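Here's the structure we're looking at; comments come further down.
The values are calculated or read from the model by the stated rules, or taken from the named source; none is laboratory data. Bear in mind that the values here come from a model prediction, so they are computed numbers and not experimental data. Here Cβ is always computed from backbone atoms with ideal geometry, including for glycine, and neighbour counts include all displayed protein chains.
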């Protein structure tokens, strides 16, 4: 039984515990033993993306110390996984412990598909689902083929979702445009960020999305914030929640 | 120039652009349409990714041997009868061009599109010395008539609606008031520009590719205006950045196939004009301009930005550029590539540009010469922070966050306080002007217990 260290992003720990719990359920369902090291806080991405590498460096070092002991480290976020896999090198300069850990850090759906070899997920989800491809999952982890590049199509997240009974997909006019979250970008460039987010929401509305899902709760936090402010009839769920068979929370009465 | 002294405030300029929602969406759609055309063209070539890799390889090689190739180019171009000039910066470039024009007694120049001459602010310089410059690319001419810089390197007037062009032409060219028909307006422009081509005593062009092996230059246009501008006058001045070099004529095919597909979704530009030496009894001057390029060449982090072939694909795909407009970048080259090139010239003035980016990485995937644009933008943020050019509030916020996040006990406490506040504080307090998140967005619905608390309490399997 592989021993998986749960890498739960700080904002998921604090604001979206149900996403972490769904991740745990899925990993148990596919035969993993999970451990949550409580010393973990944040991978350091907000500091690194602001350019404050001095502040990010100690968080990166803590992360590697905490997670070095596991067979695998699994995270329900493409963005945080990409931070550790692609942006830690400048803090470690060829350090062997980091190099070993780097090979064993996975985003949840890529871990299910690539490491555990999960072909289909049992369960049903009779809703029209809009899949938001989070940019770091898409263009840094390559969880799917991006619309800019040329080659055989693949999509690890959609492949898993597709195996659920009754699921339908909303087809978007812009299949993988950024939602505009972007970490501190969301407040630093608030006007553009919100316009980007609203454009995504409208694309989902015209495509008939009932449930909007993604590998990244941060994109969904931003989109859900816009959806709730505008009172749009869309529910937001992390991919882990759908795959783990969680129920869809009913919409407020006015949409019924 | 006064504008050079002010610091570019991208968030502010972008917010202003976004405030006109209909126009911002129109701008976004217009450029997305070009991106879709580009996708169709790219997808029609199964060898697309191989071409990109090949182009990146050729550029890396060229940039790595730039001095030798430049010298080879100078030798070959000189042997063909061209005169090659070297300019260290914009001022020297402008002076060289002025000297040549004055020597020939030139009063009016027909200039085809050249972002290099925009970068060097050649037009106002020549105008100050009594020489009239007419930009003969239709989009460039429109922005010139409006007295503003281009907002895009390939589509200089993409921010202007046809109604506004009609109004401008009515005032400047005497077309019918209220005319908006693009065909009518283009015909009017064409008629006026033909007169410019007939009257001008010199033609200035940019350069898309300079071939070291042959000493020839290649200029790509859709309007044929480069050819027209240099056909009648005896004098042709071609201005180019030193990164425009490619080693061999055989390499050209790789780039011509990528350039127009990436830029506008055409298989090739309508005109790809080759100039090998001057026309009979004419003069060809080629001005090689550095203007900061060799210092980028010396930097491992940013060297690849010199691969750029100025196709504009990173602008068309950038979700921020499409929604903030080219002028919000306050520079000749806007968008992702501009946000890398401009801070290299003046990190203080352009410090907000690397942050005008959600790090989505679409630019990196669309770039025909595989510049790692979003990674370089991230590296710029590091360099801007290291140079102390981050705002005090950003620095303080990041320091405070890092302090808390390095201490799990403090982090747990801060999380608890945040969740409690979100659940219990009145809306008035949560959604004040101090909360930019909450201007248009709800804050997350905070749970009573964090994941770590619930994980510790859950029944063990």
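Points to keep in mind about this one:
- Note on the range B:413-444: residues that are surrounded by fewer than 17 Cβ atoms within 10 Å (Cβ to Cβ), facing chain A (nearest Cβ under 10 Å) and either in a helix (DSSP H, G or I) or at pLDDT below 95 (or both) total 4.
- Top-ranked residue of the range A:206-229 - restricted to ones that are surrounded by fewer than 23 Cβ atoms within 10 Å (Cβ to Cβ) and over 22 Å from residue B:439 (Cα atoms), ranked as farthest from the other protein chains (Cβ to nearest Cβ): A:208
- The range B:299-332: number of residues that are more than 12 Å from every other protein chain (Cβ to nearest Cβ) and not in a helix (DSSP H, G or I): 11
- Test: residue in the range A:76-97 that is touching a strand residue (DSSP E or B) at 6+ places or on another chain (Cβ under 6 Å) and crowded, with 24+ Cβ neighbours inside 10 Å: yes
- Members of the range A:26-52 found to be at the interface with chain B (Cβ under 8 Å from one of its Cβ atoms), surrounded by fewer than 19 Cβ atoms within 10 Å (Cβ to Cβ) and in contact with a helix residue (DSSP H, G or I) (Cβ under 8 Å, 6 or more places away or on another chain), listed by number: A:36, A:38, A:39
- Within the range A:160-175, being within 20 Å of residue A:243 (Cα to Cα) and crowded, with 18+ Cβ neighbours inside 10 Å holds for A:160, A:161, A:164, A:167, A:170.
- Positions within the range B:14-35 being out of contact with any helix residue (DSSP H, G or I) (no Cβ under 6 Å at 6 or more places or on another chain), under 25 Å from residue B:265 (Cα atoms) and more than 9 Å from chain A (Cβ to nearest Cβ), in sequence order: B:23, B:26, B:27, B:29, B:30, B:33
- Answer residue from the range B:445-455, given it is more than 7 Å from chain A (Cβ to nearest Cβ) and in contact (Cβ under 8 Å) with a residue 12 or more places away in the chain and is nearest to residue A:179 (Cα to Cα) among those: B:445
- Across the range B:69-98, the number of residues qualifying as out of contact with any helix residue (DSSP H, G or I) (no Cβ under 9 Å at 6 or more places or on another chain) and assigned to a helix (DSSP H, G or I) comes to 11.
- Any hit, the range B:345-355, residues being modelled with pLDDT under 95, part of a helix (DSSP H, G or I), under 17 Å from the mean Cα position of the chain (by Cα) and surrounded by fewer than 24 Cβ atoms within 10 Å (Cβ to Cβ): yes
Conditions tested, residue by residue: (1) assigned by TED's automatic domain parsing to the domain that holds residue B:240; (2) over 21 Å from the mean Cα position of the chain (by Cα); (3) modelled with pLDDT of 95 or more; (4) not in a loop (DSSP other than H, G, I, E, B).
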{"residue": "B:253", "(1), (2), (3), (4)": "yes, yes, yes, yes"}
{"residue": "B:257", "(1), (2), (3), (4)": "yes, no, yes, yes"}
{"residue": "B:260", "(1), (2), (3), (4)": "yes, no, yes, yes"}
{"residue": "B:263", "(1), (2), (3), (4)": "yes, no, yes, yes"}
{"residue": "B:267", "(1), (2), (3), (4)": "yes, yes, yes, no"}
{"residue": "B:274", "(1), (2), (3), (4)": "yes, yes, yes, yes"}
{"residue": "B:277", "(1), (2), (3), (4)": "yes, yes, yes, no"}
{"residue": "B:280", "(1), (2), (3), (4)": "yes, yes, no, no"}
{"residue": "B:284", "(1), (2), (3), (4)": "yes, yes, yes, yes"}
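- Of all the residues in the range A:81-109, those that are in contact (Cβ under 8 Å) with a residue 40 or more places away in the chain and in a loop (DSSP other than H, G, I, E, B) number 1.
Residue by residue, here is whether (1) touching a strand residue (DSSP E or B) at 6+ places or on another chain (Cβ under 9 Å); (2) in contact (Cβ under 8 Å) with a residue 60 or more places away in the chain; (3) over 19 Å from residue B:264 (Cα atoms) holds:
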site: B:100; (1), (2), (3): yes, yes, yes
site: B:129; (1), (2), (3): no, no, yes
site: B:139; (1), (2), (3): no, no, no
site: B:146; (1), (2), (3): no, no, yes
site: B:159; (1), (2), (3): no, yes, no
site: B:164; (1), (2), (3): no, no, yes
site: B:167; (1), (2), (3): no, no, yes
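- Number of positions in the range B:382-406 that are farther than 24 Å from residue B:346 by Cβ, part of a loop (DSSP other than H, G, I, E, B) and more than 8 Å from every other protein chain (Cβ to nearest Cβ): 0
- Within the range A:143-164, no residue that is at pLDDT below 95 sits with its Cβ atom under 9 Å from a residue that is part of a helix (DSSP H, G or I) and crowded, with 16+ Cβ neighbours inside 10 Å at 6+ positions apart or across chains.
- The set of residues in the range B:263-314 being free of Cβ contacts under 8 Å to residues at least 40 places away in the same chain and touching a helix residue (DSSP H, G or I) at 6+ places or on another chain (Cβ under 7 Å) consists of B:268 alone.
- Lone unmet requirement of (1) within 23 Å of residue A:39 (Cβ to Cβ); (2) surrounded by 12 or more Cβ atoms within 10 Å (Cβ to Cβ); (3) at the interface with chain A (Cβ under 8 Å from one of its Cβ atoms) for residue B:458: (2)
- Condition met for residue B:235 (surrounded by fewer than 22 Cβ atoms within 10 Å (Cβ to Cβ), assigned by TED's automatic domain parsing to the domain that holds residue B:277 and touching a residue at least 60 places away in the same chain (Cβ under 8 Å)): no
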